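Read through the structure below, which is laid out as structure tokens, and then see the notes.
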Amino acid sequence: MTGERKNGPGEEAGLADERPCAVCGRPAAAQYRPFCSKRCADVDLNRWLGEQYRIPTDEPADGEEPPPDA
């Protein structure tokens, strides 16, 4: 094995290496991809755990009544 990374589906050769860090914008490091460092990976994880990132949904929040059918 040569240690080269194979491209995943829809990934062009070299494209992933050129994307900047998802947190600070510096060049991404292969070890922490898509981040540049462990610190930026931890910052992103903390944002998820702190519910700063959310996936949109039509479901009501816990404890709220769903809207009446129109």
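The values are calculated or read from the model by the stated rules, or taken from the named source; none is laboratory data. The structure displayed is predicted, hence computed values, not measured ones. Neighbour counts run over all protein chains shown; Cβ positions are idealised from the backbone, glycine included. Side chains included, ligands, DNA and RNA excluded: accessible areas come from the protein's heavy atoms. Shrake-Rupley method; radii C 1.70, N 1.55, O 1.52, S 1.80 Å.
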Completion exercise
Scanning segment 28-52 for residues that are under 17 Å from residue 18 (Cβ atoms) and either touching a Ser or Thr at 6+ places or on another chain (Cβ under 8 Å) or open to solvent by 100 Å² or more (accessible area, probe 1.4 Å) (or both) gives 29, 31
Handout entry: Residue under evaluation residue 34, criteria (1) at pLDDT 90 or above; (2) on the phi > 0 side of the Ramachandran plot, criterion not met
Key = (2)
Problem - Pair list, Cβ < 7 Å and 6+ apart or interchain, from segment 41-70 residues that are closer than 30 Å to residue 30 by Cβ to residues that are exposed (fewer than 10 other Cβ atoms within 10 Å of the Cβ) and at pLDDT 80 or above - result: 47/53
Exercise for the section: Scan segment 53-63 and give yes if some residue there is open to solvent by 100 Å² or more (accessible area, probe 1.4 Å), polar (S, T, N, Q) and within 22 Å of the chain's Cα centre (by Cα), otherwise no. Expected result: no
